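Structure record follows, encoded as structure tokens.
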Amino acid sequence: MSFKHEKPRVAVFKFASCDGCQLSLLDAEDELLAVAGAVEIAYFPEASRRMQKGPYDIALVEGSITTPHDAELIHQVRRQSKTLITIGACATAGGIQALRNWRDVSEFVRVVYAKPDFISTLKMSTPVAEHVPVDLELRGCPIQKEHLIEVIAATLAGRRPNLPTYSVCLECKRRSNVCLMVAAGTPCLGPATQAGCGALCPSMGRGGYGCFGPMENANAPSLAERFYTLGATQPEVDRAFRSFNAWAWQFRKVSEEVHQQ
């Protein structure tokens, strides 16, 4: 990939999210200084008052699409960006707010807001890729700063980023963790979850929550069946798969297929 400008122009956009993935970039500190020297940060409201208009060489997009304004704006971002990279569970899988996709949003609005007539929202919270073409998805809730720096560096160099696609189980093996499901009968999403967290939860004696979303070729239905053999109830299995990456189709199909039976 070649860039027209002396320095590639980078923009960071936020939609419905908690800002955690943008903060991961700011938390990079020394690495961020190196990145800032290699690119021109043209648009990053979280970090600068400097707001330059597009076009941009790289757009980093955090957050899911939840309002009509979001749905219109993401198309504008796509048109202005040579490379669009979604960062975090909200942008790649709808985020925790995608739990509303199985309920009546108008009822939530009525209960929460004193003046529901002033609220404009979509019925569903959806990933960016359901609205515009995405060049790369970076998983995590939040993302790992090392992964983000690798993605930016790889994009600038015109190569494929070196990111894990295997499951969290391999990270557990590398840390010599005893498998919680085998040894303690604790349900864990690790076998179906993409690595990247360093097996943080299993290392602390807790089953994995699936923060980095489904791994390549994840067999989530088989894992759900294993949960049932461990004594989990259907609501417990639903809660396990309906969390940070609830709208990722590999996780979504587990509960939806059960409820359709």
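All of the numbers you see were taken from the coordinates with simple rules; none came from a lab. Computed from a predicted structure; not experimentally measured. Ideal geometry is used to build each Cβ from the backbone, glycine not excepted, and the neighbour counts take in all protein chains shown.
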Task: Cα-Cα pairs of the range 85-126 separated by more than 16 Å (percent) - done: 42 percent
TODO: Could you pull out the GluC sites (Glu not before Pro) across the range 9-49 that fall in loop regions by DSSP (anything but H, G, I, E, B) with no more than 16 other Cβ atoms inside 10 Å?
DONE: 29, 46
TODO: Hey, can you grab everything whose amide H is under 5 Å from the amide H of residue 83? Only 5+ residues off in sequence or another chain; H modelled, so Pro and N-termini drop out.
DONE: 58, 59
TODO: Just need the relative contact order of the chain here, percent rounded to a whole number, with Cα pairs under 8 Å and 6+ apart.
DONE: 18 percent
Task: In the range 1-86, the trypsin sites (Lys or Arg not before Pro) that fall in loop regions by DSSP, at most 14 other Cβ within 10 Å - done: 4, 49, 50, 53
- [ ] Give the value in nm², to one decimal: projected area of the alpha carbon convex hull of the range 105-150, averaged over all directions.
- [x] 5.1 nm²
TODO: Please turn the phi angles of the range 216-233 into ³J(HN,Hα) values with the Karplus equation 6.51 cos²θ - 1.76 cosθ + 1.60 (θ = phi - 60°), one per residue in order, whole Hz, x for glycine and proline.
DONE: 4, 6, 5, 9, 5, x, 5, 5, 4, 4, 5, 4, 4, 5, 7, x, 6, 8
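Work out how much length residue 130 to residue 118 would gain on full extension: take 0.36 nm times their residue separation and subtract the Cα-Cα distance, in nm to one decimal.
1.7 nm
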Task: DSSP-loop trypsin sites (Lys or Arg not before Pro) across the range 94-125, with at most 10 other Cβ within 10 angstrom - done: 103
Open item on the list: Please compute the modelled spin-label separation between residue 170 and residue 26, points set 7 Å along Cα→Cβ, answer in nm with one decimal.
Closed with: 3.3 nm
Task: Calculated FRET value between residue 105 and residue 219, using beta carbons and R₀ = 25 Å, to 0.05 - done: 0.20
Open item on the list: With +1 assigned to the C-beta of every Lys and Arg and -1 to the C-beta of every Asp and Glu, and no other charges, what is the dipole magnitude of the chain about the Cα centre in debye, to the nearest 20?
Closed with: 160 debye
- [ ] Over all directions, average the projected area of the Cα convex hull of the range 90-176 and note it in nm².
- [x] 8.9 nm²
Task: Taking the convex hull of Cα positions in the chain, its mean projected area over all directions (nm²) - done: 15.8 nm²
Task: Calculated FRET value between residue 33 and residue 249, using beta carbons and R₀ = 41 Å, to 0.05 - done: 0.60
Open item on the list: With both bridge residues required to lie in the range 9-157, what share of the DSSP beta bridges run antiparallel, to the nearest 5%?
Closed with: 15 percent
Open item on the list: At 0.36 nm per residue, and after removing the present C-alpha to C-alpha distance, how many nm does the segment from residue 234 to residue 179 gain when stretched out fully?
Closed with: 17.5 nm
Open item on the list: Whole percent per 5 Å bin, from 0 to the bin with the longest distance: what is P(r) over all C-alpha pairs of the range 168-260?
Closed with: 3, 16, 28, 26, 19, 7, 2, 0
- [ ] Compute the Kirkwood hydrodynamic radius of the range 9-157, taking the inverse of the mean of 1/r over all pairs of distinct Cα atoms, and give it in Å to one decimal.
- [x] 15.9 Å
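Add +1 for every Lys or Arg and -1 for every Asp or Glu among the other residues with Cβ under 14 Å from the Cβ of residue 190, and state the total.
Local charge sum for residue 190: +4.
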